[in-house]
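Data first, discussion second: the structure below is written as structure tokens.
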Amino acid sequence: MSPVFPMLTVLSMFYYMCLRRRARTATRGEMNSRRAIESNTRALPINVEIVQYAKEVLDFSSHYGSENSMSYTMWNLAGIPNVYPSSGDFTQTAVFRTYGTWWDHCPSARLPFKRTPPTFCSQDYVELAFEEPVYPTAVHILETYHPGAVVRILACSANPYSQNPPAEVRWEILWSEAPTKVNGPQARQFTPCIKQINFPTNLIRLEVNSSLLDYYTELDAVVLHGVKERPVLSLKTSMIDMNDIDEDEDEEKYGCGMDTLNKQFSIVTLREWPTNGYFDKLPYELIQLILSHLTVPDLCRLAQTCKLLYQHCCDPLQYIHLSLQPYWARINDTSLEYLQSRCTLIQWLNLSWTGNRGAISVSGFSRFLKVCGSELVRLELSCGHFLNETCLEVITEMCPNLQELNLSSCDKIPPQAFNHIAKVGSLKRLNLYRTKVEQTALLSILNFCSELQHLSLGSCVMIEDYDLIASMMGAKCKKLRSLDLWRCKNITESGIAELASGCQLLEELDLGWCPTLQSSTGCFTNLARKLPNLQKLFLTANRSVCDTDIEELAANCTHLRQLDILGTRMVSPASLKKLLESCKDLSLLDVSFCSQIDNRVVLELNANFPNVFIKKSFTQ
């Protein structure tokens with residue numbers, strides 16, 4: 001018999017199994033309504049649809065605004081619309097911290113983790129609570145400026161207003177797609193076709209990716225439509241679309257469920273196979289290289305095929321770099337326990353967004369690091385709300401080689417806990433954005449972590465004297481290359497002078513929304529003269545920036561690539577032209593709300609300097 005026929009037989013069986021599984025799903029009424037072709041359907045029983053706006057913003061990864069105001073913050077998503085259907089840049093909307101790919105092309109950019117599933121592209125998130133738990137029938141997102149960032153909508157089984165915490169927290173994806181480029185920044189109501197779920201929810205999560213946007217996306221409100229009783233689809237006839245038999249649903253059903261991965265991790269007995277086929281003839285290193293391109297769920301599946309591949313899939317060399325962020329909804333203590341034996345050589349670990357609502361305990365996290373922390377160089381824990389002082393103490397004790405620590409938006413860590421970070425003298429990168437770090441702890445960190453090259457202190461509102469902090473940086477952190485002081489409220493020209501004198505290797509400096517800095521003191525001129533290596537400088541919303549500052553940048557900072565002077569009233573087109581002529585590498589120039597720079601000037605500059613993205617925001 002020709003060898004083709006067995007393969008055809010296998011494919012036929014697979015085709016038949018897929019049809020049977022899909023048919024069974026259809027009869028249960030749980031088919032994805034976006035992709036299934038159904039006829040003669042009707043919902044039974046008929047329920048009254050409940051329409052509700054978000055009652056409260058529970059959690060988010062970042063926002064453009066301040067922790068002490070409502071302008072451009074995620075909290076604007078609660079309640080009825082403030083702006084819609086108007087379009088434009090409005091302070092009453094919710095805005096995330098970044099947009100485009102500019103943040104990936106600056107000195108502070110981090111290397112991406114390998115093995116990230118192509119279906120996971122989320123960069124930020126926000127979680128919204130609603131008054132009444134319902135079975136969702138529609139979700140309306142009111143986008144008022146540069147729409148198109150939302151890439152995933154999820155629903156949670158946990159009721160945030162319930163007095164009794166659930167034994168199990170489930171997240172279901174209602175809708176998911178890759179980021180898209182929307183023509184024009186105008187407002188729209190985004191209503192994707194969502195999947196039906198089998199539990200009521202009043203907790204909705206939006207995940208966004210702003211990489212394709214020309215400016216910050218702005219969200220005004222979210223409307224949840226749903227019914228109190230679970231709809232049951234009555235199917236008289238149904239026809240299956242074979243395009244529906246793809247790997248997306250299998251990924252959700254089998255791959256992304258960490259309960260399934262936990263079972264796969266724990267499998268130690270395998271069916272006895274007489275041979276491993278041609279894999280026995282391949283060099284060990286070659287098989288390892290091939291498997292290095294698989295995601296974590298794929299490794300777990302492959303481990304069940306034969307003993308040889310089981311050994312390869314469990315080899316700690318496959319887990320040198322491990323990102324569990326794409327599977328945040330399913331990671332728990334059991335997941336970490338099963339991964340322990342595989343992660344003894346791990347160097348990069350990403351647990352961002354994981355462990356919330358009790359999924360990871362302090363003891364479970366501590367046990368994992370005690371086994372797997374000795375070789376860790378990079379640890380990402382963004383939005384890890386399970387973290388407390390004990391966790392930071394364990395990190396500093398069990399990770400002696402740690403060089404990069406990301407605690408951004410870990411706003412549940414108590415202030416005194418940050419003192420432990422000072423014990424990690426090898427740190428080169430530290431992200432404390434939106435944390436409760438206090439001045440005493442930060443001074444200790446700066447004193448003992450003299451190897452720091454990248455430091456983020458954006459929106460750290462509990463620091464009383466940023467001049468003192470800047471002075472310590474200038475004295476101790478001579479290797480600093482990037483510094484984020486976004487929205488620090490009290491730094492003055494004195495602190496800037498100390499910083500510029502001591503940290504002359506700085507290539508990136510964010511002083512956006514620092515109202516106490518005034519150009520008349522010469523602080524920006526001093527920066528330009530002392531920091532010739534600057535590639536990125538954000539002076540966002542500083543109205544005092546003037547032509548003298550721009551001309552000093554043009555004369556001294558010729559490597560400048562990104563400049564944000566949003567909101568200044570004192571910069572003329574002539575000084576901008578000098579800057580563009582001098583800084584040949586400049587790629588981003590934000591002149592939004594600059595009163596002397598109108599649309600005509602922007603068009604003229606764009607024509608003369610086509611390689612520079614010149615942004616001019618507007619409000620209607």
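A few notes on this one:
- More than 24 angstrom apart: percent of Cα pairs within segment 486-619: 21 percent
- Take the Cα of SER341, step 7 Å toward its Cβ, do the same at ARG529, and the gap between the two points is 6.6 nm.
- Karplus 3J(HN,Hα) series, Hz, for segment 432-437 with 6.51 cos²θ - 1.76 cosθ + 1.60 (x for Gly, Pro): 10, 3, 6, 10, 9, 4
- Extension gain for ASP465-ASN198 works out to 90.9 nm (0.36 nm per residue, less the C-alpha to C-alpha distance).
- Shown is the FRET efficiency for GLN518 and HIS105, computed with R0 = 25 Å from the Cβ-Cβ distance and rounded to the nearest 0.05: 0.25.
- Per atom type, segment 319-463 shows carbon and sulfur on 47% of its accessible surface, probed at 1.4 Å.
- Neighbourhood net charge (9 Å Cβ-Cβ; Lys/Arg +1, Asp/Glu -1) for PHE130: -2
- Set LYS370/LYS476; LYS195/LYS228; LYS536/LYS615 screened for pairs whose C-alpha atoms are more than 19 Å apart: LYS370/LYS476
- Per residue, the convex hull spanned by the alpha carbons of segment 49-227 comes to 135 Å³.
- Probe 1.4 Å, all protein chains present, accessible-area order of THR525, THR334, largest first: THR334, THR525
- With N as its number of residues, segment 319-463 has a Cα radius of gyration that, divided by 2.2 N^0.38 Å, comes to 0.96.
- Listed residue pairs exceeding 32 Å between alpha carbons, taken from LYS55/LYS428; LYS412/LYS530; LYS412/LYS489; LYS114/LYS479; LYS55/LYS489; LYS181/LYS577: LYS55/LYS428; LYS412/LYS530
- Cβ-Cβ distance of SER374 and ASP315, R₀ of 22 Å, FRET efficiency by 1/(1 + (r/R0)^6): the value works out to about 0.80.
- Taking 0.36 nm per residue of separation and subtracting the Cα-Cα distance, full extension of the segment from SER587 to ALA607 would add 5.8 nm.
- Expected-Rg normalisation [2.2 N^0.38 Å, Cα atoms] applied to segment 88-142: 1.64
- Accessible area of segment 486-619 divided out per residue, in Å², using a probe of 1.4 angstrom: 39 Å²
- Remark: spin-label model distance ARG230-LYS281 equals 5.3 nm, labels positioned 7 Å along the Cα→Cβ axis.
The values are calculated or read from the model by the stated rules, or taken from the named source; none is laboratory data. Computed from a prediction, not measured in an experiment: that's the story for all the values here. Cβ coordinates were reconstructed from backbone atoms using ideal geometry, including for glycine residues, and neighbour counts include every protein chain displayed. Calculation scope for accessible area: heavy atoms of the full protein, side chains included, ligands and nucleic acids excluded. Shrake-Rupley method; radii C 1.70, N 1.55, O 1.52, S 1.80 Å.
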